[in-house]
Amino acid sequence: MLDDLAGKRTGERIQILRERKGLPRPVLAGLVGMSASWLKGIERGTRLPPRLPLLVKLAEALAVGDVAVLAGIDMDLGGATSVPVSSFARIPHDAVPAIREAIRDPMLTIPSAPVDVAALAGRTADAWRLWHQSAQHRTDVGRILPRLVTDTRIGARTAEGQDRRAACAVLAEVYALVQHEVVWASEAELTWTAADRAMTAAQEADTPAALAGAAWTLGMVQRSAGDTDGALTLARDAAALLEPRLADAGVELRAMYGALQLHAATTAARAGREGDAWRHWDAACATAARLPDHYHHPWTMFGASNVKLHAVSIAADLSRSAEARSRAEDIDPEEIPSRERRGRLGVEIARSYHQRRDYPAMLHWLEQAHQTSADSVRYSPTARQMTADAVDHGGPLISRRARSLAGSVGLPL
């Protein structure tokens with residue numbers, strides 16, 4: 001694989017890997033918040049190689065696990081022969097060690113007391129509400145998640161008959177919350193473990209809702225790892241599982257179908273497949289229109305306002321910054337019941353300005369996002385990179401504000 005990269009400049013390596021993945025130049029550039037002309041200059045050698053932070057983002061977008069693979073003969077990594085992307089991707093959180101211990105506990109012995117599956121389901125629903133309502137959702141959910149993981153694992157082990165299937169469905173949902181909690185804050189292995197166990201628990205529950213939810217979770221991990229084809233196939237297969245049941249389905253199952261369509265739309269956009277992205281988004285939009293007014297799925301947050309938010313993300317992923325801002329103008333943030341998603345909206349709008357190098361406007365929306373949901377900025381690699389760019393390139397007009405935000409999200413100055 002690396003033979004055709006030997007002796008090549010950094011830009012040549014990037015171009016070879018980009019073309020190997022079938023990514024158009026504007027799409028790859030947009031994924032790292034830069035312009036197509038910038039990337040063209042890098043690839044042709046008319047610009048200097050990108051600095052390490054941008055090289056890391058390019059490696060992530062190209063699904064290259066080692067940054068050194070991109071560094072050509074015109075770039076010095078200080079003598080390092082291997083620079084794993086994972087060493088840059090983690091944003092440590094104090095809750096992770098206890099969550100990791102709860103997941104890895106072999107549980108050779110467990111209590112024999114009766115299990116109240118309904119109570120476990122209620123605690124899980126409360127945890128999701130906390131995730132969506134807290135301004136520091138990772139911190140607050142992180143405090144209760146280790147005990148919830150342990151108790152739900154015990155419930156799935158000890159319950160019998162239909163109660164066991166119900167407990168496994170709850171366990172799959174708990175692992176979905178774990179994946180949300182630890183992504184970007186732990187080693188990739190823990191995120192994959194949570195997603196894999198969610199699928200295993202869903203298979204034990206053997207219900208369409210549990211299987212679809214686990215597919216949604218696993219697809220998120222596949223996409224973050226750069227496997228857009230696998231994530232897109234999984235989302236489509238899970239949606240196909242639900243389609244024959246939609247006519248008689250309850251509202252939550254229809255909302256999960258819509259969430260899978262949104263997942264497929266975002267995944268297609270990140271792969272540069274514009275037609276597929278908007279086709280899946282249209283399907284999600286049609287699904288949302290058939291739900292009760294102001295309804296949102298309790299943990300995927302699928303609903304009309306979330307469909308609008310994803311349109312902003314899709315346009316930004318496709319490097320259509322003007323369309324992203326136009327789509328954002330159609331959203332009333334107060335219609336989004338989740339603080340975490342309102343914070344994400346601010347980050348997505350900031351991305352559209354970052355693509356234009358409008359650093360003052362970008363910083364404004366990052367500040368708004370941080371005020372709404374601090375953890376949506378602190379634990380977003382994209383938001384952190386934009387904050388760093390505001391510090392480095394924003395100029396005296398916004399320097400003080402940019403440095404203040406950088407300090408708030410834990411970036412070294």
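The values are calculated or read from the model by the stated rules, or taken from the named source; none is laboratory data. This is a predicted model, so every value here is computed, not measured. When we count neighbours, we look across all protein chains shown, and the Cβ atoms used for this are built from the backbone with ideal geometry, even at glycine.
Just to be sure I understand, how many residues within region 344-372 are out of contact with any helix residue (DSSP H, G or I) (no Cβ under 7 Å at 6 or more places or on another chain) and over 15 Å from ARG325 (Cβ atoms)? Reasoning before the result, please.
Within region 344-372, the subset out of contact with any helix residue (DSSP H, G or I) (no Cβ under 7 Å at 6 or more places or on another chain) is 357-358, 360, 364, 371.
Okay, now just the ones that are also over 15 Å from ARG325 (Cβ atoms), so 371.
So the count comes out to 1.
Counting only residues that are hydrophobic (A, V, I, L, M, F, W, C), more than 12 Å from VAL377 (Cβ to Cβ) and either modelled with pLDDT of 90 or more or buried (at least 19 other Cβ atoms within 10 Å of the Cβ) (or both), how many does region 392-413 have?
Result for region 392-413: 3.
All but one of (1) surrounded by 19 or more Cβ atoms within 10 Å (Cβ to Cβ); (2) out of contact with any Gly (no Cβ under 7 Å at 6 or more places or on another chain) hold for LEU234; state the number of the condition that does not hold.
(2)
Which of the residues spanning region 92-125 are within 25 Å of the chain's Cα centre (by Cα) and β-branched (Val, Ile, Thr)?
VAL96, ILE99, ILE103, THR124
Is there any pair with a first residue in region 293-305 that is over 16 Å from ALA125 (Cβ atoms) and a second that is among the acidic types (Asp, Glu) and surrounded by fewer than 20 Cβ atoms within 10 Å (Cβ to Cβ) whose Cβ atoms are under 7 Å apart and which are 6 or more apart or on different chains, and what are they?
Within 7 Å, the pairs are SER305/GLU335.
Which residue is nearest to VAL32 (Cα to Cα), if the candidates are limited to region 374-413 and must be among the hydroxyl-bearing types (Ser, Thr, Tyr) and part of a helix (DSSP H, G or I)?
Step by step, filter region 374-413, then rank; the result is THR382.
For LEU232, only one of the following conditions fails: (1) under 19 Å from ARG342 (Cα atoms); (2) in a helix (DSSP H, G or I). What is its number?
It fails just one condition, (1).
Filter region 320-342 for residues that are of a type in the set (Ser, Thr, Tyr) and assigned to a helix (DSSP H, G or I) and give the result.
Of everything in region 320-342, those that are of a type in the set (Ser, Thr, Tyr) and assigned to a helix (DSSP H, G or I) turn out to be SER321, SER326.
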